[in-house]
Amino acid sequence: MADTTPWHHAPVPVVAETLDSDPASGLSASEARARLQRHGPNAVPRPPPPSAFARFLRQFDDLLIYVLLAAAGVTALLGHVVDTGVILAVVVVNAIIGFVQEGKAESALAAIGDMLAPRARVLRNGERQELPAEAVVPGDVVLLEAGDRVPADLRLFEGRGLRVEESMLTGESVPAEKAPEAVDAAAELGDRFSMAYAGTLVRGGTGRGLVVATGGATELGKISGMLADAPASETPLVRQMARFARALTGFILAICALILLLGYLAGRPLGELFMALVGLSVAAIPEGLPAILTVTLAIGVQGMARRNTIVRRLPAIEALGTVSVICSDKTGTLTRNEMAVVTVATAEDIIEVSGSGYSPHGAFQREGVDLDPASTPTLLAMATAGALCNEARLWCEGENWRLSGDPMEGALLALAGKAGVDSALERRRQREIDAIPFDADNRYMASLRHDHEGGHVILVKGAPEVLLPRCRRALCADGSEAPMEPEHWQARATAIANQGQRVLALARRCLPGETAELRFDAIDELTLLGLVGLMDPPRKEAIDAVRECQNAGIRIKMITGDHAGTAVAIARQLGLARPARALSGADIDALDDDALAREATATDVFARTSPAHKLRLVTALQSAGEVVAMTGDGVNDAPALQRADIGIAMGAGGTDAARDAAEIVLADDNFATIAIAVKAGRTVYDNLRKAIVFLLPVNGGESLSLLAALLLGLTLPISPVQILWVNMVSSVLLAMTLAFEASERGVMGRPPRPPSEPLLNGFVLWRIAFVSMLFMAGIFGTFTLARTQGAPLEEARTIAVNTLVVMEIFYLFAVRYLGQASLTVRGALGTRPVLLAISAVTLLQFLFTYAPFMGRFFDTRPLSLTQGFGIVLVGVATLIILELEKLLVRRFHRQRREQRPEATP
């Protein structure tokens, strides 16, 4: 019922009749028990998390792993125990690495469930009771006071000065003023002033409401449903690796089938043929690639942790390098989520106010010239009135200023501090006698106080459209009062509002006599002190980060629940590319998916959006081919965070639901950190591509060597178990060093990598093919030469394996600079990880060659000094050939660039 009924539009008597409840006395205890049985507890259902064993088994769900397991099965059937054990060990080690690095399981639904208030005050049998929030049922009458967390969705029927902070649902930075009157049925979530929603926070006033929805039926529960239905997107790297695995598996199986057919027709023994195919499969599969991928990403994650960025899922760090669009929530992400007075309008001047947050430190400027507030009586009068007609409190914790109360009132206290007004002292000097609290109907607050001269003064703040008609005079710069000019002040209020600021009017009325009571009819014949414009200002570092991201070809789109005027004003201050036009939630609802994809691409500002709108916008941008990162901090952001290619949550000020739905959490809530993370992501991808360009030619050389031997009917130059040694020891150790390579020059000056760009582009494919042929020549050449010189099979294979490892070492120096020369002092010295890895591989290879127990496992034989010297010469020749290839490729590309302008008509 609650899912389809527009409760915000229905009159209170109709709501009470529909729910069969009495607003004066609530439900009876027996009826409440029956409804609890019927509707269930007021909690969001939580699915059971996957077990550790299930997560471990998931690590084996990979095509390449299936091929290795099949190879292990064949070797076991043929009685090759050592080969079977080594292959299975490789598979298990990869699974353990993935399991350990995967991190904690998703807990977003649990986090949302935890946001329901633990206790609630209700009326049962006409008596006030306090009970667990889970026991609240539809039809209950809930009592609200300042500081309460709303326990369920309520249709309000009573309210006095009730203000509810709904930023977690709507993105609005200012508490919403609530009233019992019904609103339009088509009103957006943020405009449903007759409702209070589960999980929101009461900032001021009191109220009562009828529970219309509990648990999963609340707006909060609906978000959890969207979160469950929104699949977590795979990152571009994961998709590319999956495509690569399918292509490689298909290629391996096709080659194996062809060789099996040709070998069978040639009459070769099946046992020998199967072992040869196992060797080919093992050679073709880059067993170390999953480990290299994990370690490379993990190193990037560690580097980001030092920059206040927590990466919860490893592939996310690389995916940042492919991001083409960042969709950002406004409140608390691009802005400070702290109201501040930025404009003061007096009778004569428009004054700009600077400062940070609620700190009472800032400056005043008039037409770009610094202004001393002590010399501006009107400004001092406004600052004093704002501080006294105020219920908020500010205090300092270390270097941070904290607020208790309404954000707008906190901004007025900060304004007073900037103007040199001591709020605490003024409150003691001008003691309050009576007050009229802020009320949604009146839209003003008034305070009756003793003034400095022994009389009484009424100080008032409120909406300009309410107070301006009650003002008869306006305060002038010299302290005198002049007749009120309503058109002039209304024009000023409109101009400030058009800049996306919330406008408050400040006024006073001096009473010559004494009075102990403040009556509503006394709020008249006022003197207007001036207007203030308040805004949740952009973070300075966010402005710089937006500029850097846009220079890197990344478009920034702001998606907020706030009003369009405010959103456009903030977008201009941030420097978004297209800030002038905002698309509203209602506009989004009117568009089909194709039209929305076009509009979402062309628009940078989206206002009055709900969680469903954010989710749909992210999906629309993805359908247009964009790689989308979504930032946010509220529960309302969680579904879109999970659906985006990369979800980025604010860690300090964000909700648990947002953090647990995201892949990346910014511990400092600093949007500028995203630019640093993008740079790190691009570097990680570059280093990962270097690792692939290093590993695949090694596997390619091994595969071509075995394939040539099989097709020519020759003995395999390297055994399957020896190939596993190379792939999982020397190849992995050497490739891991590439994860530590520094960022290339101009990494943030190039556009994002197109999501459709294959991992193996033309350059990578050429390098793999060329180096694979080079490695095949080295392996097959040294093996054949050794056999021609009369070396036993085991010794010839040992030479071939060592040649392969030495070629890898020299190839590592070449691959560190794919497009630049490696024969330089910097290239020759390498980095500390490179030198350590080469030392470790050399030591392990000596152990592999000369240790007797290794000989029993891998059928190796000791080599002479002369043989070792010849192997090193092969490595040197490899580096020289690769450097010549680089030189030719660079020359080719330079010629093409020089010819391109001439070819242009």
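The values are calculated or read from the model by the stated rules, or taken from the named source; none is laboratory data. What you see is a predicted model, and the numbers here were worked out from it, not measured in a lab. Every residue, glycine among them, receives a Cβ derived from its backbone with ideal geometry; neighbour counts consider all protein chains shown.
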- What do you reckon, is Arg608 closer than 23 Å to Ala497 by Cβ, at pLDDT 90 or above, among the basic types (Lys, Arg) and not assigned by TED's automatic domain parsing to the domain that holds Gln499? no
- Note on the structure: Being of a type in the set (Gly, Ala, Ser) and within 21 Å of the chain's Cα centre (by Cα) narrows Ala595, Ala600, Ala586 down to just Ala600
- Message: With the structure loaded, tell me whether Leu641 is modelled with pLDDT of 90 or more, among the aliphatic types (A, V, I, L, M) and under 28 Å from Thr218 (Cα atoms) or whether it fails that test.
- Response: no
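Here's the yes/no breakdown for (1) at pLDDT below 80; (2) among the hydrophobic types (A, V, I, L, M, F, W, C):
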site	(1), (2)
Leu574	no, yes
Arg581	no, no
Ala600	no, yes
Ser623	no, no
Ala629	no, yes
Asp656	yes, no
Asp660	yes, no
- Note on the structure: Of the listed residues (Ala493, Ala522, Ala482), the one being under 49 Å from the mean Cα position of the chain (by Cα), outside the structural domain of Gln573 (by TED's automatic domain parsing) and either among the aliphatic types (A, V, I, L, M) or within 19 Å of Ala446 (Cβ to Cβ) (or both) is Ala493
- Item | Positions within segment 1-43 being of a type in the set (S, T, N, Q) and within 39 Å of the chain's Cα centre (by Cα), in sequence order | Thr4, Thr5, Asn42
- Query: Any residue at all in segment 720-731 that is within 47 Å of the chain's Cα centre (by Cα), surrounded by fewer than 23 Cβ atoms within 10 Å (Cβ to Cβ) and β-branched (Val, Ile, Thr)?
  - Reply: yes
- Within the bounds of segment 114-137, is there any residue that is buried (at least 24 other Cβ atoms within 10 Å of the Cβ), within 29 Å of the chain's Cα centre (by Cα) and at pLDDT below 90? yes
- Which residue out of Arg246, Arg203 is under 30 Å from Val693 (Cα atoms), outside the structural domain of Leu695 (by TED's automatic domain parsing), of a type outside the set (A, V, I, L, M, F, W, C) and modelled with pLDDT under 85? Arg246
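Each row is one residue, and each column tells you yes or no for (1) of a type in the set (Ser, Thr, Tyr); (2) touching a residue at least 40 places away in the same chain (Cβ under 8 Å); (3) not assigned by TED's automatic domain parsing to the domain that holds Leu836.
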| site | (1), (2), (3) |
| --- | --- |
| Ala624 | no, no, yes |
| Arg643 | no, yes, yes |
| Ala661 | no, yes, yes |
| Leu707 | no, yes, no |
| Leu714 | no, no, no |
| Val726 | no, yes, no |
| Met736 | no, yes, no |
- Task: Could you tell me whether any residue of segment 492-515 is at positive phi and without any contact (Cβ under 8 Å) to a residue 40 or more places away in the chain?
- Result: no
- So which strands (runs of 3 or more DSSP E) are wholly in segment 308-423 and hold at least 1 residues that are surrounded by fewer than 21 Cβ atoms within 10 Å (Cβ to Cβ)? 309-311, 340-345, 350-353, 364-366, 369-371, 393-397, 400-404
- Scan Glu165, Glu188, Glu177, Glu134 and give me the residue that is farther than 18 Å from Thr218 by Cβ and in contact (Cβ under 8 Å) with a residue 24 or more places away in the chain. Glu177
- Item | Yes/no for Ile543 being farther than 20 Å from Ala497 by Cα and in contact with a Leu (Cβ under 6 Å, 6 or more places away or on another chain) | yes
- Item | Scan of segment 616-648 for residues that are of a type outside the set (Gly, Ala, Ser) and farther than 13 Å from Asp329 by Cβ, ordered by number | Arg616, Thr619, Leu621, Gln622, Glu626, Val627, Val628, Gln642, Arg643, Asp645, Ile646
- Of the residues in segment 838-859, those that are at pLDDT 90 or above and either within 44 Å of the chain's Cα centre (by Cα) or buried (at least 17 other Cβ atoms within 10 Å of the Cβ) (or both) come to Ile838, Ser839, Ala840, Val841, Thr842, Leu843, Leu844, Gln845, Phe848, Thr849
- Please specify each residue of segment 478-532 satisfying the condition of being hydrophobic (A, V, I, L, M, F, W, C), closer than 22 Å to Ala374 by Cα and part of a loop (DSSP other than H, G, I, E, B). none
- Give me a count of the residues in segment 424-462 that are in a loop (DSSP other than H, G, I, E, B) and in contact with a strand residue (DSSP E or B) (Cβ under 8 Å, 6 or more places away or on another chain). 10
- Query: Just to be sure, is Arg578 touching a residue at least 12 places away in the same chain (Cβ under 8 Å) and either closer than 27 Å to Glu352 by Cβ or touching a Gly at 6+ places or on another chain (Cβ under 8 Å) (or both)?
  - Reply: yes
